[in-house]
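We did not get these values from a lab; they are worked out from the coordinates using the rules stated. Source: prediction; values computed, not measured. Please note: Cβ atoms are built from the backbone with ideal geometry, for glycine as well, and neighbour counts cover all protein chains shown.
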Amino acid sequence: MPVHVDAVVVGLGPGGEEVAGRLADAGVDVVGVDRHLVGGECPYWGCIPSKIMVRAADLVAEGHRIPGMAGTAMVRAEWHPVARNVREATADWDDTAAVDRLTSRGCRVLRGTARLTGRDEVTVRAPDGQETVLQAGRAIVLATGTEPAPPPIPGLDGTPYWTNRDAVAAERLPRSLIVLGGGAIGLELGQAFARFGTDVTVVESAPRLLPQEEPEAGELLARVLSDEGVQVRTGARAALVVHDGNGFTLSGERGERLDAERLLVATGRRTDLAGLGVVNIGVDPDARALPVDERMRVLTASDSAPGVWALGDITGKGAFTHMAVYQAGIVVNGILRHGGAVAAYHAVPRVTFTDPEVGAVGLTEEQARERGLAVRVGLADVARSSRGYIHRAGNQGLVKVVVDDREGVLVGATSVGPWGGEVLGALTVAVHARVPVDELHRTIWAFPTFHRAIGDALRDAG
Ligand SMILES: Cc1cc2nc3c(=O)[nH]c(=O)nc-3n(C[C@H](O)[C@H](O)[C@H](O)COP(=O)(O)OP(=O)(O)OC[C@H]3O[C@@H](n4cnc5c(N)ncnc54)[C@H](O)[C@@H]3O)c2cc1C
Ligand SMILES: NC(=O)c1ccc[n+]([C@@H]2O[C@H](COP(=O)([O-])OP(=O)(O)OC[C@H]3O[C@@H](n4cnc5c(N)ncnc54)[C@H](O)[C@@H]3O)[C@@H](O)[C@H]2O)c1
């Protein structure tokens, strides 16, 4: 017998959890389904544990910066407090508190793998194999996120390679680590392990690190990482992976060979739309992301699927927790018929928490040119700013602004440097609110801050 409810939320990561909780607060009879931990990737294997590792690694690096500036320091980095703090933050990968938080708001939580079996029907298979059919009178919300997408390199499949999940759960520091993929995950975790003493090599197939961001950012990061002793191989493709029981050997297409105890695969993530049964609502199961309109309603090949909503990583609009939570607000307003703003993606901020941090918002210069905008750019070197001079060790960074000359507004910006993610705040407001560049020129930027480099970059843009 199907169970009749108002709403079913499939996937209780940051996005689904937000929707389920807010619908329950509004008195909607809602069932949230997750096959694993309530909270999803971010608190257990993503943002939180990785930033605990990054914070610890940054402390180690700062300690090493004392000589020449503040006396002497002996830093003996130890991994076990990091592993302990990760376990504390994840409650040893136990979601009891998260489940209680949701149920106390009136949301029912069902553990199992959900699949769409109709336009208003979700079938949940519990770990013991028992199936529950949920019929949703008002809404189905899809928020199942992404999973790692290992590349089809011969030999890789079946080896004990790490994904982010193994890396954040590491109790012991590997002696050596090959990081496949020089994107956000690979660089944050790779730099953190390196600062604790692991011999790290980053292998990136694109010509530069962080290829989706401004070239100046990836190039600067490659210099900093190399200076720290991380080997950076860009434009490098692996042709074969071998694991001999003790370690990995990665052979490149040009015959080069790398050996390491561990291999972290961080080459991007993918959705599983086929597994979610989207074909049953008329959506192509082979699509990379779930197509949605500006109110986060799922679009099918021929029309829309009324009452079916999606949010978060699965929509392909930016795999960030803040994106999932932003979209969750739009979904809640839509289901409750509160109206409100539609989704806008012209000022999506992102921060890669390396040291220096790489913050970016809106379009890169290349993306702006591809759109045919009248582009003007400005660059400022953070190390040469007053604050950079004062800061000395660890002062590398830049601010880059991308101006749409016709409209007289910023359409994109990048801030690399110490607290580059915090400096990004001002740039995010400027791009989001389309603050006229003339107004930004008239802004007083406090001396001697890192964000004062925004004024320098604007002046450089003319
Ligand atoms: C190492 C790492 C570091 C990151 N750092 C940051 C960061 O610093 N800042 C940031 O903004 N973002 C960061 N992210 C990205 C962030 O974690 C994701 O964008 C965010 O978790 C997406 O939320 P979501 O709700 O879309 O999906 P998820 O968090 O992926 O949650 C999806 C949930 O759906 C469940 N599920 C999947 N399929 C089914 C099914 N068929 N039935 C039932 N349940 C299902 C899963 O078990 C999971 O709990 C990081 C990611 C990683 C991997
Ligand atoms: N601080 C943050 O906000 C944060 C941190 C970590 C992850 N995330 C999110 O998680 C997503 C996934 O992270 P990710 O780092 O796995 O993906 P990514 O897309 O950011 O980076 C993957 C990198 O792997 C490279 N690559 C792909 N195939 C390769 C191959 N065969 N050999 C070598 N390199 C290869 C790509 O060129 C790319 O640079 C990110 O896009 C981001 O949205 C966010």
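Limited to region 168-177, what total is found for residues that are small (Gly, Ala, Ser) and more than 16 Å from ligand 1 (Cβ to nearest atom)?
Counting residues in region 168-177 that are small (Gly, Ala, Ser) and more than 16 Å from ligand 1 (Cβ to nearest atom) gives 1.
In this structure, does residue 342 turn out to be in contact with an Asp or Glu (Cβ under 6 Å, 6 or more places away or on another chain), away from ligand 1 (no atom under 15 Å from the Cβ), in a strand (DSSP E or B) and not acidic (Asp, Glu)?
Spelling it out, it is not the case that residue 342 is in contact with an Asp or Glu (Cβ under 6 Å, 6 or more places away or on another chain), away from ligand 1 (no atom under 15 Å from the Cβ), in a strand (DSSP E or B) and not acidic (Asp, Glu).
Answer yes if at least one residue in region 334-345 is hydrophobic (A, V, I, L, M, F, W, C), within 15 Å of ligand 2 (Cβ to nearest atom) and out of contact with any Lys or Arg (no Cβ under 8 Å at 6 or more places or on another chain), and no otherwise.
no
When you go through 113, 144 one by one, which is the residue that is within 12 Å of ligand 1 (Cβ to nearest atom), touching a residue at least 60 places away in the same chain (Cβ under 8 Å), closer than 28 Å to residue 288 by Cβ and surrounded by fewer than 21 Cβ atoms within 10 Å (Cβ to Cβ)?
That would be 113, the only listed residue that is within 12 Å of ligand 1 (Cβ to nearest atom), touching a residue at least 60 places away in the same chain (Cβ under 8 Å), closer than 28 Å to residue 288 by Cβ and surrounded by fewer than 21 Cβ atoms within 10 Å (Cβ to Cβ).
Are there helices (runs of 4 or more DSSP H) fully within region 1-104 with at least 3 residues that are under 30 Å from residue 329 (Cα atoms) and within 16 Å of ligand 1 (Cβ to nearest atom)? List them.
In region 1-104, 14-25, 41-45, 47-64, 96-103 are the helices (runs of 4 or more DSSP H) which contain 3 or more residues that are under 30 Å from residue 329 (Cα atoms) and within 16 Å of ligand 1 (Cβ to nearest atom).
Name the residue that is nearest to residue 164 (Cα to Cα), counting only residues in region 29-55 that are among the aliphatic types (A, V, I, L, M) and away from ligand 2 (no atom under 16 Å from the Cβ).
37
What number of residues within region 186-206 satisfy the criterion of being in a helix (DSSP H, G or I) and more than 9 Å from ligand 2 (Cβ to nearest atom)?
The qualifying residues number 6.
Could you list, in sequence order, all residues of region 178-199 that are within 16 Å of ligand 1 (Cβ to nearest atom), β-branched (Val, Ile, Thr) and under 19 Å from residue 55 (Cα atoms)?
The answer is 185, and nothing else.
Between residues in region 313-342 that are more than 14 Å from residue 145 (Cβ to Cβ) and residues that are among the charged types (D, E, K, R), which pairs lie under 6 Å by C-beta distance while being six or more apart or on different chains?
Every condition considered, the pairs that remain are 332/22; 334/295; 342/294; 342/295.
If residue 93 satisfies all but one of (1) over 30 Å from residue 248 (Cα atoms); (2) away from ligand 2 (no atom under 16 Å from the Cβ); (3) hydrophobic (A, V, I, L, M, F, W, C), what's the number of the condition it fails?
(1)
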